[in-house]
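First comes the structure, then the notes that go with it.
What follows is calculated from the coordinates using simple rules that are stated; it is not laboratory data. Fair warning: this is a prediction, and the values are worked out from it, not measured in the lab. Cβ sites come from the backbone with ideal geometry, for glycine too, and all protein chains shown count toward neighbours.
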Amino acid sequence: MTVSMTLETKRLRIQGADDPSGQDAYTFKLFRSDDGAVPGTVIVSALHRPDIRTAHVHCQINPLFLRQGYATEALPAVLTFVFTRLDFQQIEAFIHPDNEPALAIASRLGLQFRYSVLPDEQPCHPLTFVYHPSVNISSEVHFDFAAVSRLRQAKQYHATKALVASYLHQAPDDPLIHYQMAWCHDNLGEEAAAVPHYVAAIELGLPEPDLQEAYVGLGSTYRALGRYDNAYQTLTEGLVHFPNHAALQTFLALTLHNLDRSAEAIERLIGTLVDTTENPEIRAYGSALRFYASRVNETWDGN
């Protein structure tokens with residue numbers, strides 16, 4: 001016997017029905033309360049998982065109604081019904097990395113990214129998100145930076161970028177998300193695209209220790225792009241805040257060479273080497289190396 005289900009939200013009447021063929025599946029059609037228009041549907045179907053009753057949830061929004069918040073409004077009501085009335089214990093959603101609106105909704109609802117290592121980088125491989133009823137369904141923004149880190153460690157750079165892009169869509173003024181997006185672009189060799197995100201991260205108040213790495217990232221990226229004056233300005237600004245940061249010193253030395261200031265570059269590079277090395281032979285000549293590095297173009301004839 002077909003079971004009908006009606007749910008109400010602020011703007012929607014959600015009409016659900018089970019599959020008349022007897023399959024463990026349900027379709028929830030979304031109707032706007034004011035005019036009866038149909039923004040989309042939510043389809044719930046059982047998945048075969050050992051020891052836990054699991055449903056796959058797929059939300060499809062009509063293109064005319066995209067980015068109006070209907071999926072975010074409908075899904076909490078549907079998921080609550082799925083758990084309390086249909087006795088599912090877990091839901092899964094499969095989202096392609098290029099589907100930024102869906103990734104944003106998954107993040108906003110608190111769905112947890114389930115990490116899996118792929119044998120190779122596959123930009124179009126869907127990401128799996130899992131939700132348990134013990135996790136409160138919420139419209140508050142949720143950012144799973146641990147998932148971002150795991151994806152990056154597995155060298156799934158396209159998936160990492162897609163996940164971070166979904167976060168940026170929700171919080172465009174968050175400095176940490178801009179920093180993560182810059183990092184994503186750098187991982188993919190997209191140096192020019194990384195620049196505005198590094199700049200935004202710094203200007204929006206990125207905290208330590210990420211701030212020092214953002215200065216390194218922006219300065220080194222400017223240098224790689226041939227924007228040597230910008231690189232010099234960024235790296236010297238970074239050293240005002242972090243004067244003992246060896247990477248900032250080293251990239252500044254490279255930049256000085258690019259600016260035809262090679263003597264300064266060598267002095268800075270040798271100074272950084274002496275300050276940071278554990279090599280006993282170099283440490284034994286530390287004073288001499290500093291002396292000659294500051295006088296790299298001078299000679300002595302012994303008289």
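The phi-based Karplus calculation (6.51 cos²θ - 1.76 cosθ + 1.60; θ = phi - 60°) puts the 3J(HN,Hα) values of region 230-246 at 5, 4, 4, 4, 5, 5, 5, 5, x, 6, 4, 7, 10, x, 9, 7, 5 Hz, whole numbers, x for Gly and Pro. Sequence neighbours fewer than 8 away in the same chain don't count; with that in mind, list the aspartates and glutamates whose C-alpha is under 19 Å from Lys161. Excluding near neighbours in sequence, the set is Asp98, Glu100, Asp120, Glu121, Asp144, Asp173, Asp174, Asp186, Glu190, Glu191, Asp210, Glu213.
Among Thr234, Thr255, sorting on how many other beta-carbon atoms sit within 10 Å of each Cβ, with the fewest leading, yields Thr255, Thr234.
Here Lys10 is the anchor, and the lysines within straight C-alpha reach of less than 17 Å, apart from those fewer than 8 places off in the same chain, are Lys29. Here the chain is treated with +1 on each Lys and Arg Cβ and -1 on each Asp and Glu Cβ, and its dipole about the Cα centre works out to around 700 debye. About its Cα centre, region 160-303 has a charge dipole of approximately 200 debye under the convention of +1 per Lys or Arg Cβ and -1 per Asp or Glu Cβ, with nothing else charged. Rounded to whole numbers, the Karplus 3J(HN,Hα) couplings from phi for region 51-63 are 6, 8, 6, 10, 10, 8, 10, 10, 10, 10, 9, 4, x Hz, using 6.51 cos²θ - 1.76 cosθ + 1.60 with θ = phi - 60°, and x at Gly and Pro. Rounded to the nearest 10 degrees, the angle from helix 70-84 to the longest Cα principal axis of the chain is 60 degrees. Spread over its residues, the convex hull of the C-alpha atoms of the chain is 182 Å³ per residue.
From the P(r) of region 12-99, can you give the percent of Cα pairs sitting at distances over 15 Å? Mind dumping the intermediate values first?
Numbers: 2285 of 3828 pairs.
So the pairs more than 15 Å apart make up 60 percent of the total in region 12-99.
As a rough footprinting exposure proxy, the listed residues Glu92, Glu281 were ranked by other beta carbons within 10 Å of their own, and the order from fewest upward is Glu281, Glu92.
When a footprinting reagent is the concern and you count Cβ atoms within 10 Å, what order do Glu278, Glu264 take, fewest first? Present the calculation step by step, with values, prior to reporting the outcome.
Values: Glu278 6, Glu264 17.
Fewest-to-most ranking of Glu278, Glu264: Glu278, Glu264.
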